[in-house]
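One structure is given here, and the rest of the page talks about it.
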Amino acid sequence: MVPSQKEFVEELKVEWKRLWNERIDDKVRAEGVAVNDYNSLFIDQGTVIHATRDFKALNFKDILEQHEVANVERYIPPNPHVGGWGKFVKDNITANQQSKKKKSAEFFVEAKAEKPHLKKNGRGWLHK
C-alpha cells in the first residue's frame, strides 16, 4: 500500500465533507447545490449534488474510480444493505451466543416451587 495514495484519498475525503457541509439547500426546488468548484471531485460551482426526484446521487466510490485509485473498497465502508461490522456481529457472534444459551438451557432443570396455600380457595379473606 502506497502511503501517498492513502494521503490522496484522505484529502479527497476532506474535500468531499467540505462539499456537503458548504452546499446551498434550495427549499423551493428541493435540491442541494455546490457553492464552489471542487476540481478534485470533478464538481463545478452550481452543480446539483442532491435532489429529491429523478436524480443519480453522487458517489464517492465513483470519484475514486475516476482518479484510478487501486483497491477502492479498502478506503470506503461497505453499503449498509450489504453489511459491515454490525451485520457481521449480528450474524456470527450474537447468533452463536444465543445457540449456546439454548443448549445450556436444555440441560438445566428448574426446581418447581410449590404454590402457596390459597386463602379461602382464592377468593381472599372474608370479613364478617
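The values are calculated or read from the model by the stated rules, or taken from the named source; none is laboratory data. Predicted model, so just to flag it, every value in this text is computed and none were measured. No Cβ is skipped: glycine too gets one built from the backbone with ideal geometry, and neighbour counts run over all protein chains shown. These area figures cover heavy atoms from the full protein model, side chains too; ligands, DNA and RNA do not enter into them. Shrake-Rupley method; radii C 1.70, N 1.55, O 1.52, S 1.80 Å.
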Fill in: Output for region 9-38, where each listed residue is open to solvent by 70 Å² or more (accessible area, probe 1.4 Å), in a helix (DSSP H, G or I) and out of contact with any helix residue (DSSP H, G or I) (no Cβ under 9 Å at 6 or more places or on another chain)
10, 14, 17, 18, 21
Worksheet item: Looking at region 46-61, is at least one residue over 18 Å from residue 76 (Cβ atoms), open to solvent by 50 Å² or more (accessible area, probe 1.4 Å), in contact (Cβ under 8 Å) with a residue 24 or more places away in the chain and under 21 Å from the mean Cα position of the chain (by Cα)?
Response: yes
Worksheet item: If you take the residues in region 83-111 that are under 29 Å from residue 16 (Cβ atoms), open to solvent by less than 100 Å² (accessible area, probe 1.4 Å) and of a type in the set (A, V, I, L, M, F, W, C), which one is modelled with the lowest pLDDT?
Response: 88
Worksheet, complete the sentence: Of (1) more than 23 Å from the chain's Cα centre (by Cα); (2) more than 22 Å from residue 71 (Cα to Cα), residue 7 satisfies every one except (2)
